[in-house]
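See structure below.
No value in this document is a laboratory result; all are computed from the given coordinates. These numbers were taken from a predicted model, which means no experiment stands behind them. We place every Cβ from the backbone using ideal geometry, glycine too, and count neighbours over all the protein chains shown.
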Amino acid sequence: MNLFDPKTYSTDWEIMVFDRKERAVSTDKLFGFAGALRHELDLPIQIDMNTVECAMGVNHSFAQIGERITKVTDRLTSMLAEYDLDPVPLGSHPRETMYNAAHVHVGTLRDETAALYLEADLIPYTAVFAALAANSPVCPPGRRGEYKSYRVRNQAHGCTRPSSIRTPETAQPNWGMDAGPKLHGVATFEVRVLDCASSRRFLAELATFVAAYVHYRGGRVTKEPTTGDSYERSMVNRWYAAKYGLQATLLWDNGPKPVVEILDRMLDECADSLAQLGCTRRDLVLINRMIEKRTNQADYILDLANRYAEPFALASAMIKTLRHWDAFDNFLDRAPTLEPAPAPSRESVRNEHLALIGEGTHFYRSREAMNLPPPVADRIIDDLVREGRVKLEQTREGGTLLTKVSA
């Protein structure tokens with residue numbers, strides 16, 4: 001028995017709006033556009049954190065969601081043009097710390113208890129979804145390209161958090177995790193880890209693939225407990241996917257595996273579920289090309305950023321290219337094939353923690369490195385202290401403080 005009946009899906013696409021001076025239009029000025037779209041198209045379109053959140057309603061097929069995405073964005077574009085405004089679909093703002101997403105809602109969920117087991121089953125795969133959808137490499141200012149997804153790295157202001165392991169017997173309603181049941185309104189399983197798409201075609205492919213894979217896993221839910229080792233591995237993979245996107249090599253079941261190989265297998269696994277949504281793997285043209293080239297939307301944005309170093313110039317270039325909705329699709333034709341990054345090592349994990357430690361840094365700051373469970377994070381700090389790379393002191397005012405030792 002599958003958890004989903006009927007098999008439906010949707011996406012909430014958060015789209016920024018820029019004025020002629022490359023400034024993001026604020027939330028209070030977007031209500032009217034969202035309301036007009038909602039009334040005209042009979043879709044639950046709203047606003048959220050300086051974006052028009054284009055919710056695409058209930059969809060049953062790849063063709064349907066693709067047509068709906070085009071219809072909504074064509075009307076949004078023409079409506080904004082009357083006020084000299086442009087829609088700008090980006091995972092992060094080029095000048096401000098602001099993150100945007102393209103959540104996918106998978107429905108219709110029939111069993112909340114079983115969905116909590118599915119939530120745990122999908123924890124390893126959220127890193128794969130994050131690598132595919134990464135599209136926020138230019139925030140915060142001054143650190144372009146260090147991560148392919150600063151949105152995932154920085155948890156999008158608490159709106160995209162690593163999933164924890166919950167049991168039905170002890171679970172409370174939760175919101176903001178990378179993936180989990182969301183029963184407010186329509187009963188769906190929401191995948192939140194996805195960065196905002198910059199391409200209409202890619203969004204249709206991404207939403208369909210994510211839905212198909214969740215549908216596939218929904219027929220294979222297990223109640224086997226997740227071990228601490230596997231959860232630790234998933235958190236390291238989440239960090240690595242945010243850092244390297246489709247170039248990441250993840251720590252997988254039988255050893256390191258390039259994320260594109262994991263994606264390749266996932267696409268084959270959910271072939272029947274894709275068919276139920278009216279498509280085959282061959283229809284996912286952009287995703288197949290991205291796997292082949294290890295290239296995602298973040299690499300397109302970084303290509304622009306390499307040519308336009310000044311933030312306002314970059315914002316202007318983004319507006320001019322993205323307003324056509326297919327700039328990323330065209331970029332893939334000329335994009336080079338990228339090489340995979342080496343798998344995360346014990347030393348690279350420790351160095352990531354060390355990078356967050358300065359002088360008198362509260363020990364909890366190091367937990368931001370990759371959201372490891374307390375025993376694992378504590379062991380890393382203990383090792384750094386024992387090796388003389390970090391000094392630890394207890395203070396009455398500040399608690400446990402860490403100071404990096406200069407080389």
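Once the chain from Tyr308 to Lys21 is taken as fully extended at 0.36 nm per residue, the excess over their C-alpha distance is 101.7 nm. Per the Kirkwood formula applied to alpha carbons, the chain shows a radius of gyration over Rh ratio, Rg over Rh, of 0.97. For the stretch 37-129, applying the loop criterion from DSSP together with a ceiling of 10 other beta carbons within 10 Å to the GluC sites (Glu not before Pro) yields Glu82.
Candidate cross-link partners of Lys7 among the lysines, defined by an alpha-carbon separation under 21 Å and a same-chain spacing of 8 or more, comprise Lys182.
Annotation: extensible slack from Ala355 through Asp229 equals 43.0 nm (criterion: 0.36 nm per residue apart, minus Cα-Cα distance).
In order along the stretch 277-290, the Karplus-derived 3J(HN,Hα) couplings, from 6.51 cos²θ - 1.76 cosθ + 1.60 at θ = phi - 60°, round to 9, x, 8, 10, 4, 4, 6, 8, 4, 5, 4, 4, 5, 5 Hz, and Gly and Pro are given as x. For the stretch 346-404, dividing the convex hull volume of the Cα atoms by the residue count gives 72 Å³ per residue.
Once you've got the GNM for the chain with C-alpha springs shorter than 10 Å, pick whichever of Thr395, Thr51, Thr226 has the biggest mean-square fluctuation. Among Thr395, Thr51, Thr226, the largest GNM mean-square fluctuation belongs to Thr395. For the stretch 14-172, the gyration tensor built on C-alpha atoms gives an oblate shape. Its axis ratio a/c (a ≥ b ≥ c) is at least 1.5, and a/b is not larger than b/c.
When the trypsin sites (Lys or Arg not before Pro) in the stretch 10-51 are filtered for DSSP coil states and for at most 16 other beta-carbon atoms within 10 Å of their beta-carbon, the remaining sites are Arg20, Lys21, Arg23.
For the stretch 81-223, the Kirkwood hydrodynamic radius comes to 15.9 Å, computed from all pairs of different C-alpha atoms. Computed from the C-beta positions of Glu261 and Glu146 and an R0 of 35 Å, the FRET efficiency is 0.90 to the nearest 0.05.
Under 10 Å, Cα contacts only: if you run a Gaussian network model on the chain, which one of Val72, Val138, Val152 comes out with the highest mean-square fluctuation? Its mean-square fluctuation being the largest, the pick is Val72. Take the Cα of Leu183, step 7 Å along the line toward its Cβ, and report every residue of the stretch 115-157 whose backbone nitrogen sits under 13 Å from that point. Those under the cut-off are 115-117.
Proximity of backbone amide H atoms, modeled 1.01 Å from N, is registered between Val25 and Val17, Phe18, Asp19 at under 5 Å, excluding neighbours fewer than 5 places apart on the same chain. Charged neighbours of Leu43, selected by a Cβ distance under 15 Å, balance to -4 (K, R count +1; D, E count -1). Placing unit charges on each Cβ (+1 for Lys and Arg, -1 for Asp and Glu) gives the chain a dipole about its Cα centre, and among Val260, Cys139, Val210 the Cα reaching farthest toward its positive end belongs to Cys139.
In this rough spin-label picture, where each label sits 7 Å from Cα along the Cβ direction, the Arg38-Arg289 distance is 3.6 nm.
Take the convex hull of the alpha carbons in the stretch 213-339; its mean projected area over all directions comes to 10.1 nm².
Beyond 22 Å between alpha-carbons counts as too far, so tell me which of Lys257/Lys404; Lys223/Lys257; Lys148/Lys257; Lys243/Lys293 fall in that bin. Cα-Cα > 22 Å for Lys257/Lys404; Lys223/Lys257; rest within. Taken along the Cα-to-beta-carbon direction at a fixed 7 Å, the label points for Ser348 and Arg334 span 3.0 nm. The chymotrypsin sites (Phe, Trp or Tyr not before Pro) of the stretch 27-88 that DSSP puts in a loop, and whose beta carbon has at most 16 other beta carbons within 10 Å, are Tyr83.
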